[in-house]
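Before any comments, here is the structure.
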Amino acid sequence: MKTTETTRRRPYNFGMPYRTAAALLGIALALPRPASAEPLKVGDPAPQATSVDQEGRPVELSRLYGSGWTLVYFYPKADTPGCTAEACSLRDAFADLTKKGVTVVGVSADTPKEQKAFQEKYHLPFTLIADHEKNVIKAFGVPTTMGFASRQSFLIKDGKIVWRDLHASTKQQAADILKAVSAG
């Protein structure tokens, strides 16, 4: 059947999901890029930053660097699968870490309330720093993406960084730390 009228082809309607994705991509591209500061290196002095813990109490990191080892580990978000696996790895080996003289401190940009809920839910026996203002994150040079800290770990002894893991494991974190302490 032939028609005398020309049919006009309508432009493809990408629909709402594509427009939403395009808008989100535009927003993401406009956001600040990860911090370009280089993470601290082995041999660097441990930073003297201050923040608050899961109770909202001030924490001066320099006071945690006393005798023995101090593990300062960074994670993106409390109570997410990878962060939970990492924290539980450290919780499960906490007695072994303590016997080796390791003080464990977790750091994320969460609020004290979020850190407290995370600590209670998983029975974490160590301090969690609620670094919402990112003082500690910046002091260690840990990159952030969209406000979330990268998963990194730093082992400190005698006020100096003696070991670091810039791509920290989740389930193997405690084993990695115990290995580093035994080697050092």
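The values are calculated or read from the model by the stated rules, or taken from the named source; none is laboratory data. All of these numbers come straight from a predicted model, not from anything done at the bench. Cβ sites come from the backbone with ideal geometry, for glycine too, and all protein chains shown count toward neighbours.
How many residues does region 155-170 hold that are touching an Asp or Glu at 6+ places or on another chain (Cβ under 8 Å) and either within 16 Å of Pro76 (Cβ to Cβ) or of a type in the set (A, V, I, L, M) (or both)? Final tally of qualifying residues: 5.
Checking each residue in region 82-97 for being out of contact with any helix residue (DSSP H, G or I) (no Cβ under 9 Å at 6 or more places or on another chain) and either touching a residue at least 60 places away in the same chain (Cβ under 8 Å) or among the acidic types (Asp, Glu) (or both) picks out only Gly82. Listed by position, the strands (runs of 3 or more DSSP E) enclosed by region 98-184 that each have at least 3 residues that are within 17 Å of the chain's Cα centre (by Cα) and touching a residue at least 60 places away in the same chain (Cβ under 8 Å) are 127-130, 152-157.
Does Glu38 count as of a type in the set (Asp, Glu), assigned to a helix (DSSP H, G or I), modelled with pLDDT under 95 and within 21 Å of Gly147 (Cα to Cα)? Judged against the criteria, Glu38 is not a match. A residue that is in a loop (DSSP other than H, G, I, E, B) and either within 20 Å of the chain's Cα centre (by Cα) or at pLDDT 90 or above (or both) cannot be found anywhere in region 5-24.
Looking only at region 130-140, which residues are crowded, with 19+ Cβ neighbours inside 10 Å and closer than 19 Å to Asp165 by Cα? Val136, Ile137, Ala139, Phe140, listed by residue number. Listed conditions (1) at pLDDT 95 or above; (2) crowded, with 18+ Cβ neighbours inside 10 Å are all met by Asp92, apart from (2). Residues that are closer than 13 Å to Leu155 by Cα and part of a loop (DSSP other than H, G, I, E, B) within region 68-91 comprise just one, Gly68. Screening region 54-71 for residues that are crowded, with 16+ Cβ neighbours inside 10 Å and in contact with a helix residue (DSSP H, G or I) (Cβ under 7 Å, 6 or more places away or on another chain) and picking the one that is modelled with the lowest pLDDT gives Leu61.
Would you mind stating whether Ser182 is polar (S, T, N, Q) and either out of contact with any Lys or Arg (no Cβ under 9 Å at 6 or more places or on another chain) or over 19 Å from Thr80 (Cβ atoms) (or both)? Considered against the rule, which asks whether it is polar (S, T, N, Q) and either out of contact with any Lys or Arg (no Cβ under 9 Å at 6 or more places or on another chain) or over 19 Å from Thr80 (Cβ atoms) (or both), Ser182 comes out as yes.
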